[in-house]
Amino acid sequence: MTQNHHLLASGIAFAILTLAGCGDGTPPADAAPADAGPTMDAAPGEPCTRDSECDDGLFCTVRRCVPADPSADSRGCLTVGSPCAEGEMCSEADELCSAIDCSTPDQDGDGEDAVACGGVDCDDSDKFRFGGRTEICDAEGHDEDCVDDTLAGPDDGDLDGDGFVSDACCFGTTCGGDCDDDDGAVNPDAREVCNGLDDDCSGAVDDETSSPLCPGGTCDAGRCSFRPWDRIFGGSGNDRAQSVVTDAAGNVYVAGLLAPGSDFGAGPEARVALASYTPDGLLRWTLPFEGPGFFFQVLDLAHEPTLDRVLLVGQWDGDFSSGGVTVSSSGPQTVVLAVNSDASIAWGVSLPPFVADVEPRGSISAANGTIVVGGSFDDRFEFMASTHDPVGATDGALFWLSPTGSPLRLRTFGSAGARVFVRDVATEGDDVLLGARFTGTVDFGAGPVSSGVMGDAALALLDPAASTLWSHVVGSANEDVVSSVALGPNSVAAVGTFATPYDFGGGPLGRSPSETVGFVLGLERSDGSYRFARAFEGIPAGADGYATPHAVEVTPTGDVVVTGEFFGTVRFGIGGLTAAAEPGGGPGVDVFLARYTSTGAHARDRALGGMGYQSARALDVGPGGATTIAGTFRNSIDLGSGARTTGTSGAFGFVGRVPD
């Protein structure tokens, strides 16, 4: 941060200065550093109470404590001029005032005349200080450009480009505010996080201010610790949590395919579109819905940070109503709702009905004040007062919306005879990552690509104008599917299934003969080049073990977290995980959770669930790194807080915060 200093032009200030005349070469009584009294009584950053607390250590400036003056700095200090009398020149190097001799207007030989002689040199005894010279970042506080409020030049004061000047750049005792100019995430405007660093340059490490560092947990030694919790919900039907998201306060939101009569903790409810829990796992509220149809299936959730709203995209046939908001349609439609933290609905809009890819698919994401919805269509629809027809048998589409639901732009993907199914979208900063499955020849914006007979997986990164920056194809000898994608500050991650063996870029993965196994893939965000890939294979070779990853997230530190379901024994890193058996003794299906570094090194993995069938369908890494998963199970489930049972033959949904 720079401090502003202004010269007082009032007669009072002039009188003060002229009383400090020093024509005899003797330092005036109020000149620094010979000011009487202590130079700093108040602590740094505290308001001044006396002139001596504003001393900047420079001889040629006089500073006063005037907190009421709007021109004063944040401490109430103001530069009021020079200690020298009119017609005298101040020498910082010699700490004295002397009569001006304009017969030699450039006494220091720097090529600029003294100010008193009509030039721009404010210190004609210092050849490294004159008006127009580029300020240099220095801790000594030397003034190069004769301007009080500059601390550094354009190239040396903000090396990390975060907009804040380094605290190593000073003018007198005033220095910049960036306490780590090598890290753009550390500056006075940064949000403090639990990491053992002083992110906001407050002078304290991991200090909680307006919001907790670890909502629902504690910060200890630079790491958040969270108490695990889990909740189940269901009734006489079949329930499945399809998506989960966490807001900035740590509140958890879960939605999916929820049957009428499900109990979320407050008794059976007729129809619920969304449920919210506190960071500690207590039920906050449920959002009911109305309409003539049988059920409303939520396909995906996102948190919109600009207005702190939860967004959901779902499917409905006919008019949909909830919270006083009605989204009208004469037939099937895709509904997008923006829900406030208190369960009130801000707005709702209708999009064309999305085509299912084996099961219903639709995705939503939000960042930097923009919402992106992804899906597929095979019929004509209206958007932004224009008619859009599919080019192929099924086309993919991305819809950009404003935080208030206004349409912004549309990008479609398709070609004659091809099918494109949008599987997932992710946003970070201003970019959008698309994950799709396609058959035929399709141009995702970086040139036409052709799939195998069974279909391939495609990733594409788009900029804010919806232009493609790069695309990447996973194309093995059999069907390839991408289930989930994630976008980090420097990397891209995707999970899905592929047919072995296949070379993702680092050499062939998987055994022969060919089998379908799960994968996690990491790419560079800048150009889509290969970072790492891992195959989730059953062990030993020839065994029936398999893993199907359903969700992936990239943490702020660049780690990649994956969850899904697995059967038998599967290697996710070192050794393997084995799923628990069914109640009757047969092999069961459990939840897996695995973490990898940004370069693909295995960090840890664990199995969750217990006896029976359990599948994690969604994952969110919230504030402080809190990991929350959601999905479906039959019979019983144990996520670390003890076994929970359905009590019925149907499937229940679950949501829980788990150690990763």
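The values are calculated or read from the model by the stated rules, or taken from the named source; none is laboratory data. Keep in mind the model is a prediction, meaning the values are calculated, not measured. Note: ideal-geometry Cβ built from the backbone for every residue, glycine included; neighbour counts use all protein chains shown. For the accessible areas, the whole protein counts, side chains as well, though only heavy atoms, and no ligand, DNA or RNA atoms are used. Shrake-Rupley method; radii C 1.70, N 1.55, O 1.52, S 1.80 Å.
Quick look at the values:
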| quantity | calculated |
| --- | --- |
| Amide H contacts of D300 (H built 1.01 Å from N, under 5 Å, at least 5 apart or other chain) | V313 |
| Principal axis dimensions, the stretch 367-444 - Cα atoms, whole angstrom, descending | 36, 27, 15 |
| Reduced Cα scattering model of the stretch 561-660, Debye log10 I(q)/I(0), q = 0.10, 0.12, 0.14, 0.17 Å⁻¹ | -0.26, -0.37, -0.50, -0.73 |
| Cut-off under 5 Å, modelled amide H: who pairs with R604 long-range | R595 |
| In sequence order, calculated HN-Hα J values of the stretch 200-208 (Karplus, 6.51, -1.76, 1.60; Hz; x Gly/Pro) | 9, 6, 7, x, 10, 8, 6, 8, 7 |
| Ranked packing of 211-221, 486-496, most packed first, by mean Cβ within 10 Å | 486-496, 211-221 |
| Whole-percent carbon and sulfur share, accessible surface of the chain, 1.4 Å | 52 percent |
| Inter-label distance for R223 and L408, nm, one decimal - labels placed 7 Å from Cα along Cα-to-Cβ | 3.8 nm |
| Tail fraction, Cα-Cα pairs, the stretch 513-614, threshold 21 Å, whole percent | 35 percent |
| Projected label distance in nm at R604 and T387, using a 7 Å step from Cα toward the beta-carbon | 5.8 nm |
| P(r) weight above 13 Å for the stretch 570-619, C-alpha pairs, percent | 59 percent |
| Compactness of the stretch 65-158 - radius of gyration and Dmax, Cα, Å | 14.7, 43 |
| Surface accessible to a 1.4 Å probe, per residue, for the residues of the chain, Å² | 40 Å² |
| Helix-derived mean residue ellipticity, 222 nm - over the chain, DSSP H n ≥ 4, -39500 (n - 2.57), to 500 | -500 deg cm²/dmol |
| For T278, solvent-accessible area (1.4 Å; no DNA, RNA or ligand), Å² | 30 Å² |
| Sequence ranges 420-427, 74-81, ranked by mean other-Cβ count within 10 angstrom, highest first | 420-427, 74-81 |
| Residue-by-residue Karplus 3J(HN,Hα) for the stretch 80-86, coefficients 6.51, -1.76, 1.60, Hz, glycine and proline x | 10, x, 9, x, 8, 6, 4 |
| The stretch 136-270 - Rg and Dmax from Cα coordinates, angstrom | 24.1, 79 |
| Alpha-carbon Debye profile of the chain, log10 I(q)/I(0) at 0.06, 0.07, 0.10 Å⁻¹ | -0.47, -0.59, -0.91 |
| Relative contact order computed over the stretch 226-277 (Cα-Cα under 8 Å; 6+ residues apart), in percent | 34 percent |
| R227, R657, ranked by accessible area, largest first (probe 1.4 Å) | R227, R657 |
| Nonlocal amide H pairs with S491, under 5 Å, H built at 1.01 Å | R525 |
| Shape parameters for the stretch 237-286, alpha-carbon atoms, Rg then Dmax in Å | 10.8, 33 |
| Chain lengthening between Y530 and A68 when straightened (0.36 nm per residue, less Cα-Cα) | 160.4 nm |
| S512-S103 pseudo-label distance in nm [points 7 Å out on the Cα-to-Cβ vector] | 9.9 nm |
| 3J(HN,Hα) from dihedral phi, the stretch 421-433, Karplus parametrisation 6.51/-1.76/1.60, rounded to Hz, x for glycine, proline | 10, 6, 9, 6, 9, 9, 10, 7, x, 9, 9, 10, 10 |
| Neighbourhood charge, 14 Å Cβ-Cβ cut-off, centred on M384 and excluding it, Lys, Arg +1 and Asp, Glu -1 | +1 |
| By average C-beta atoms within 10 angstrom, highest first, the peptides 348-360, 365-377 | 365-377, 348-360 |
